[in-house]
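The values are calculated or read from the model by the stated rules, or taken from the named source; none is laboratory data. For clarity, every value in this text was computed on a predicted model and none was experimentally measured. Glycine gets a Cβ as well: all are built from the backbone with ideal geometry, and neighbour counts include every protein chain shown. With ligands, DNA and RNA removed, areas are computed over all heavy atoms of the protein, side chains included. Shrake-Rupley method; radii C 1.70, N 1.55, O 1.52, S 1.80 Å.
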Amino acid sequence: MLTQLSGPGWLACGANAIAFDPLCGDGAGQAAREAILGAAVIQAVTERRQSRYEQAAVLLHYHSMLLASMRRHLRICAQFYHTGGKTGWWREQVETLAAGFEWCTERLAELSEPQYELHGLRLYPRARAA
Ligand SMILES: Cc1cc2nc3c(=O)[nH]c(=O)nc-3n(C[C@H](O)[C@H](O)[C@H](O)COP(=O)(O)OP(=O)(O)OC[C@H]3O[C@@H](n4cnc5c(N)ncnc54)[C@H](O)[C@@H]3O)c2cc1C
């Protein structure tokens, strides 16, 4: 996973940006969710009259959601790899997954709570949508 998944004028996407474990069967779903979110972010940034601050917030939302999806994925992987065996190799995989999970948790703690949510295929500020 890239350390930064969005910035002014760009979104990182696909397996070169955030690669899921092929064995866990989570990658196709992630690709669809990522595409929906990415399209909604592009639409929000380009369609509405947004200040630079609002644009930055939407782009950061994309980064945060992908980071959260990686964290969730690593938890699923850890559950799966736990069943693999008790040899050193398997233990190392589970420990590496745990370290990745912690890394994601720490990065997420540095970010604000999600400020946007998807309604259908469009992204709206949370307060306005409630
Ligand atoms: C061997 C293997 C088996 C797998 N099995 C499963 C499975 O059974 N179930 C499952 O759910 N998932 C599986 N996965 C994971 C799944 O394939 C991926 O998570 C999924 O394909 C990601 O889709 P994507 O469209 O986000 O990215 P990608 O499939 O990586 O597509 C991104 C596209 O963008 C292109 N691209 C990259 N950089 C740029 C650039 N700078 N400019 C323009 N284009 C660019 C790439 O060439 C590529 O065509 C497997 C993966 C592997 C490697």
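Yes or no, residue by residue, for (1) free of Cβ contacts under 8 Å to residues at least 40 places away in the same chain; (2) more than 12 Å from the ligand (Cβ to nearest atom):
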site: ALA15; (1), (2): yes, no
site: CYS24; (1), (2): no, no
site: GLY29; (1), (2): yes, no
site: ALA35; (1), (2): yes, no
site: ALA39; (1), (2): no, yes
site: ALA44; (1), (2): no, yes
site: GLU47; (1), (2): yes, yes
site: GLN50; (1), (2): yes, yes
site: TYR53; (1), (2): yes, yes
Test for THR96: is it open to solvent by less than 90 Å² (accessible area, probe 1.4 Å) and over 26 Å from ALA39 (Cα atoms): yes
Residues being farther than 30 Å from GLN79 by Cα, open to solvent by 70 Å² or more (accessible area, probe 1.4 Å) and assigned to a helix (DSSP H, G or I) - total across region 2-53: 5
Residue selected from region 79-92 under the condition open to solvent by less than 50 Å² (accessible area, probe 1.4 Å) and either outside any loop (DSSP other than H, G, I, E, B) or hydroxyl-bearing (Ser, Thr, Tyr) (or both), by the criterion nearest to LEU66 (Cα to Cα): TYR81
Any hit, region 7-21, residues being over 11 Å from the mean Cα position of the chain (by Cα) and closer than 18 Å to LEU121 by Cα: yes
